[in-house]
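Q: Pasting a structure here, questions to come.
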Amino acid sequence: MSKSMGAVKQAIPAEIGGYMDVAMGSSGAAVEAVSGRKVLPIVEGVVLVAALIAPLVLQDYLTVFATRVIILALFALSFDLVWGYAGIMSFGQALFFGSAGYGVALLARDLDITNIFLVLPAGTLIGLTFALLLGGFLLLGRHPSSVIFVSLGTLTGSYAADRLARGWYYLGGQNGIPSIAPMSLGGYEFTEGPAFYYLVLGILVVVYLFCRFLVRSQFGLALAGLRENEQRIAFFGYKAQHLKAIIFAIGGAIAGLAGSLYAFHEGFVWPNMVGVVVSTQVVLYVLFGGSGTLIGAVIGTIIVEGVSFWLSDNYRDIWPIILGVLLLLVILFRPLGLISFVLGERERVGSFGAKPRARAKEKRNAP
C-alpha cells in the first residue's frame, strides 16, 4: 500500500507540473529553476502591503468602497477554490453568498442578534449547509456527474433561490430586508470605515492562509490531480466525487462568511444577492485575475471593481460595454488571467512532496 501511495505522489506531480522525480531525467538546470526564487510570495506580499496602507491614503468614501471590494475578494476565493482547484464550474456560488446574507439579516431583524461571534459563524454554517445539500445532490450520485450537469444544476439552484426570495413576503420580496442593525462586539458597533475595513481584511488574510495551506497539503495534491486527470485519480483509488463534494462544501462556507459580512456592511440584502447575476460576476473576477492561484481571484476582484467604479463615473452611458470589451480581450489573449504575466505555469500549479535535491539525496543514501 505504501508503495502504491508513493507512486501516486510521484506520478501526479509529474503530470501537473510539480516537482519532477530526479530519477526520471530532471537535469541540474531544471532543478535549480524549480528551487529558485518564487514570484507568488512577492505578489502576495505586495497586495497585502497595499491593502494595509489603503485606508491611510484613501478618502472616506473610497475606504467604504475598498471594504466592499475586499468582501467580494473573499467571495471570489470561494469560487477559485471550487473551480480553479477542483474543476467544478459552479454558476450558483451566489446561492451560498446570498443565503447567508439573508440568514444573518433575519437574525438581526427578528432576534436582535448582531454579535460578531454569533452572526459570522451562523452565516458560515448556512453557506456550508446549503453547499452540502446542493453538492450532495449534484456530486454524490450513483454515477459521476458531468461538468455540464453540475454547471446547470448550480445555475438552476441560484435562479430558484432568486425567484423564491422575490416572491416570499417574509424575506421582503423584491425590496429585500433593509435597515439591518450594525454588527457588534460588546458595546462597540462596526460601522462603515477603517475599523470595518481592517476587520474584513484580517478575515480575508486568515481565510487566504487557510486556503493556501489546504491546496498545498496532501488533500491539495489530490485536488490538483483531480483537476488535471480525474480518471487517473479515480484509478489510484481516490473517491473523486467525495473530494469534489468536500471542496464544494468548503467553498460554500467561505461564500457564506463573505455574504454575512456583505449584509452587515451594506445594511440590507436583496434578491440579486442569491441570483445568477452575482454568480456570473464572481466567475468574471476569477477569469480576469487567473484561476487556480488564489491571489489571482483577489487581484481580479480589485481590478474589475476598480475599473467598473472609474468607468461608471466617467462614462456613465457606455461603461458596461467598455468593461465587457476589456474582459473579452483579457480572456482571449491571456486565458490564464492577468496573473500569468508574472506567474509561470509551474508555480501556478504548485509544488508537492519532497524537493528534487532532497529526493536525490534520499536515492543516493538508499541501499
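Q: Just the accessible area for R334, please: 1.4 Å probe, Å², rounded to the nearest 10?
A: Rounded to the nearest 10, that gives 70 Å².
Q: Further question: For the pair A195 and I42, what calculated FRET efficiency results from E = 1/(1 + (r/R0)^6), where r is the Cβ-Cβ distance and R0 = 35 Å, to the nearest 0.05?
A: Working: r = 29 Å, r/R0 = 0.84.
Working from the Cβ atoms, E equals 0.75.
Q: Near the amide H of S184, under 5 Å away, which other amide H atoms are found, from residues 5 or more places off or on another chain, if H is placed in the peptide plane?
A: N115, I116, F190
Q: Also, quick follow-up: Can you put K244, K38 in order of accessible area, largest first, using a 1.4 Å probe?
A: So, going from the largest accessible area down, we get K38, K244.
Q: For the pair L118 and S340, how long in nm is the line joining their label points, each one 7 Å along Cα→Cβ?
A: 4.9 nm
Q: Treat each spin label as a single point 7 Å out from the Cα along the C-beta direction, and report the L152 to D60 distance in nm.
A: Distance between label points: 5.2 nm.
Q: Dividing the convex hull volume of the Cα atoms of the range 128-172 by its residue count, what figure in Å³ per residue is obtained? Don't skip to the answer; put the middle values down first.
A: Working: hull volume 3.3 nm³, N = 45.
Cα-based convex hull of the range 128-172, divided per residue, equals 74 Å³.
Q: Could you check the simple spin-label distance between L133 and L329, using points 7 Å along Cα→Cβ, in nm with one decimal?
A: 4.4 nm
Q: In whole Å, how far is the Cα centre of the range 67-104 from that of the range 154-206?
A: Rounded to whole Å, the Cα centres lie 13 Å apart.
Q: Given the Cα atoms of the range 209-273, and with Rh set as the inverse mean 1/r over their pairs in the Kirkwood sense, what is Rg to Rh to two decimals? Display every interim value, and only then the final one.
A: Numbers: Rg = 16.0 Å, Rh = 13.7 Å.
Rounded to two decimals, Rg/Rh equals 1.16.
Q: Average projected area of the Cα convex hull of the range 46-127, in nm²?
A: Projected over every direction and averaged, the Cα hull of the range 46-127 covers 7.2 nm².
Q: How much length, in nm to one decimal, is gained on full extension between R212 and L185, taken as 0.36 nm per residue of separation minus their Cα-Cα distance?
A: Values: separation 27, 0.36 × 27 = 9.72 nm, distance 2.88 nm.
Fully extending the segment from R212 to L185 adds 6.8 nm.
Q: Kindly list the residues of the range 244-280 that lie in the label zone of N175, defined by a backbone N under 17 Å from the point 7 Å along the Cα-to-C-beta vector.
A: 267-272
Q: May I pose another question? If N is the number of residues in the range 168-263, what value comes out of its Cα radius of gyration divided by 2.2 N^0.38 Å? It would help to have the intermediate numbers written out before the result.
A: On the way: Rg = 19.2 Å, N = 96, 2.2 N^0.38 = 12.5 Å.
Normalised Cα radius of gyration, the range 168-263: 1.54.
Q: Taking the alpha-carbon set of the range 84-165, what are its Rg and Dmax in Å?
A: 14.5, 45
Q: Right, next: Can you give me the solvent accessible area of H242 with a 1.4 Å probe, rounded to the nearest 10 Å²?
A: Per-residue accessible area (H242): approximately 100 Å².
Q: Follow-up question, since we're still on this one. Excluding ligands, DNA and RNA, what is the solvent-accessible area per residue of the range 181-340 at a probe of 1.4 Å, expressed in Å²?
A: With the other protein chains kept in place, the range 181-340 gives 43 Å² per residue.
The values are calculated or read from the model by the stated rules, or taken from the named source; none is laboratory data. A quick note: this is a predicted structure, and the numbers were derived from the prediction, not measured. Please note: Cβ atoms are built from the backbone with ideal geometry, for glycine as well, and neighbour counts cover all protein chains shown. Just so you know, the surface numbers come from the protein's heavy atoms only, side chains and all, with ligands and any DNA or RNA stripped out. Shrake-Rupley method; radii C 1.70, N 1.55, O 1.52, S 1.80 Å.
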